[in-house]
1. Among the residues of region 358-377 satisfying the criterion of being of a type in the set (Val, Ile, Thr) and touching a helix residue (DSSP H, G or I) at 6+ places or on another chain (Cβ under 7 Å), which is surrounded by the fewest Cβ atoms within 10 Å (Cβ to Cβ)?
2. Just checking, does region 238-248 include any residue being charged (D, E, K, R) and either assigned by TED's automatic domain parsing to the domain that holds Ser117 or crowded, with 17+ Cβ neighbours inside 10 Å (or both)?
3. Considering only region 1-99, give the helices (runs of 4 or more DSSP H) lying wholly within it that have at least 2 residues that are charged (D, E, K, R).
4. Within region 22-65, how many residues are among the small types (Gly, Ala, Ser) and either without any contact (Cβ under 8 Å) to a residue 24 or more places away in the chain or touching a Lys or Arg at 6+ places or on another chain (Cβ under 8 Å) (or both)?
5. With respect to Glu360, is the statement that it is modelled with pLDDT under 95, more than 25 Å from Cys325 (Cβ to Cβ) and of a type in the set (Asp, Glu) true?
6. Of the numbered conditions (1) in a loop (DSSP other than H, G, I, E, B); (2) touching a Pro at 6+ places or on another chain (Cβ under 8 Å); (3) of a type outside the set (A, V, I, L, M), Tyr153 fails exactly one; give the number of that condition.
7. Given (1) closer than 19 Å to Ile397 by Cβ; (2) surrounded by fewer than 16 Cβ atoms within 10 Å (Cβ to Cβ); (3) touching a residue at least 12 places away in the same chain (Cβ under 8 Å), identify the lone condition not met by His215.
8. Check Ile183, Ile173, Ile233 and return the single one that is over 26 Å from Ile50 (Cβ atoms) and either in contact with a Lys or Arg (Cβ under 9 Å, 6 or more places away or on another chain) or touching a residue at least 12 places away in the same chain (Cβ under 8 Å) (or both).
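The values are calculated or read from the model by the stated rules, or taken from the named source; none is laboratory data. The shown structure was predicted, so the numbers you read here are calculated from the model rather than taken from an experiment. With ideal geometry, Cβ positions are generated from the backbone for all residues, glycine too; neighbour counts draw on all protein chains shown.
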Amino acid sequence: MKLVNKVVLPVLDWVDYRLPVFSYARKNLIDFPEPKNLNYWWNFGSLAGIVLMIMIITGFFLAINYTPHTDYAFASVEHLMRDVNYGWLLRFMHANGGSMFFILVYIHMFRGLYYGSYKAPRELLWIIGVAIYLAMMGTAFMGYVLPWGQMSYWGATVITSLFSAVPLIGDTIVTWLWGGFVIDNNTLTRFFVGHYLLPFVILGLVVVHLWALHHHSSNNPLGVEIKTPGDTIPFHPYYTIKDMLGLSVFLIFYLGFVFFAPDFFGEPDNYIEANPLVTPPHIVPEWYFLPFYAILRSIDNKLLGVIAMFAGVCILFALPWMDRCRVRSAKFRPIYRQFFWIFVANCLLLGYIGAQAAVEPFVTIGRISTAYYFAHFLIICPLICKFERPIEPPESISAGVLEAEKGA
């Protein structure tokens, strides 16, 4: 061991002096000071990063076995599943990994909403996170088309046709997306290239997201800023151990779907090769798009429905300026906390409505839920800021931790 240290350490020092990768990693991954009171809700950001890497790696190996051609795409996926060694494992890890990625990101976002992680000085951190979410949606949509099953084809037809509602240039946008006047080889090739490249855009945004995070450090359950060195602990070993425990539990959940219920999140119609002459009885997007699909269907006018659907995501960019309450954490905001859980329930309801047929009473319920979704951001949050009297949070993180220990 001593001999190894004598050989390795000088080499590492030589490299680090010329390119300080090791000292940079130590500063940001080992010695980086984090608030001492972070709970397990803060695990989901790192878990999402791990799943992103799994998706990129499995996606690479899937891409080298996939043929982006309407005559061969479906067959190439079947060949991958049946003939390529462990091809079934790669595909099931990738397909279920997409759902896991969205589950983790949704929890991560709702945690940010609850604890006020979008407030100053972390507004840009939140905005970059929403940009990551938008890039994820685009990547997932294009990936859903690639197996070239019935739901892939008709989902692409329905979603891309929405752009025709854009005045003046709508039809041009659709023609450009399709690469022609019908969904064909050009469309599949474009979606394949986009699905392959966008994860690297997401990866770049994640790097910027982490850069912004490390500039002001993480928010914490109390929502108070770091004031003294006693408010922090090193990231390693305290939070690396915590992240490893969270990863172990998550992998049990994730691999449970991969090995025992690989088609749980899928649609049976997607195991039928795409046929432009046969329309499935009920076209639905993947589950993570269902709330926004419900918003789209809740408005009769096509253009207004498309605007509302995109506004449902884009309104998150403006959230830091809609909720101006000086107290961040919902732990000290009793009225906001109640409306937060109503909002969560409403989002789940929108997801349920999006999976149902467009008949009564689902249409009326969807319209009410859509109205409440936007009212939460545009009306409820600003009003709560004016009329709520929040509980005064502790003066420092250390004081809050000591109070919690005394209470326990």
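1. Restricting attention to region 358-377, the residues satisfying the condition of being of a type in the set (Val, Ile, Thr) are 359, 363-365, 368, 370.
Narrowing the set further to residues that are touching a helix residue (DSSP H, G or I) at 6+ places or on another chain (Cβ under 7 Å) leaves 365, 370.
Values: Ile365: 17, Thr370: 25.
Across region 358-377, the extreme among qualifying residues is Ile365.
2. Step one: of region 238-248, the residues charged (D, E, K, R) are 242-243.
Cutting the leftovers down to either assigned by TED's automatic domain parsing to the domain that holds Ser117 or crowded, with 17+ Cβ neighbours inside 10 Å (or both) gives us 242-243.
The answer is yes; a qualifying residue exists.
3. Details: elements: 2-18, 21-25, 43-63, 73-82.
Per the criteria, 2-18, 73-82.
4. So the first thing to find is which residues in region 22-65 are among the small types (Gly, Ala, Ser), and the list is 23, 25, 45-46, 48-49, 59, 63.
Imposing the further condition that a residue be either without any contact (Cβ under 8 Å) to a residue 24 or more places away in the chain or touching a Lys or Arg at 6+ places or on another chain (Cβ under 8 Å) (or both) reduces the set to 23, 25.
Of the residues in region 22-65, 2 are among the small types (Gly, Ala, Ser) and either without any contact (Cβ under 8 Å) to a residue 24 or more places away in the chain or touching a Lys or Arg at 6+ places or on another chain (Cβ under 8 Å) (or both).
5. Here the answer is yes, as Glu360 does meet what is asked.
6. If we test Tyr153 against (1) in a loop (DSSP other than H, G, I, E, B); (2) touching a Pro at 6+ places or on another chain (Cβ under 8 Å); (3) of a type outside the set (A, V, I, L, M), just (1) comes out false.
7. (3)
8. Details: Ile173 fails: either in contact with a Lys or Arg (Cβ under 9 Å, 6 or more places away or on another chain) or touching a residue at least 12 places away in the same chain (Cβ under 8 Å) (or both); Ile233 fails: over 26 Å from Ile50 (Cβ atoms).
Result: Ile183 is the single residue among Ile183, Ile173, Ile233 that is over 26 Å from Ile50 (Cβ atoms) and either in contact with a Lys or Arg (Cβ under 9 Å, 6 or more places away or on another chain) or touching a residue at least 12 places away in the same chain (Cβ under 8 Å) (or both).
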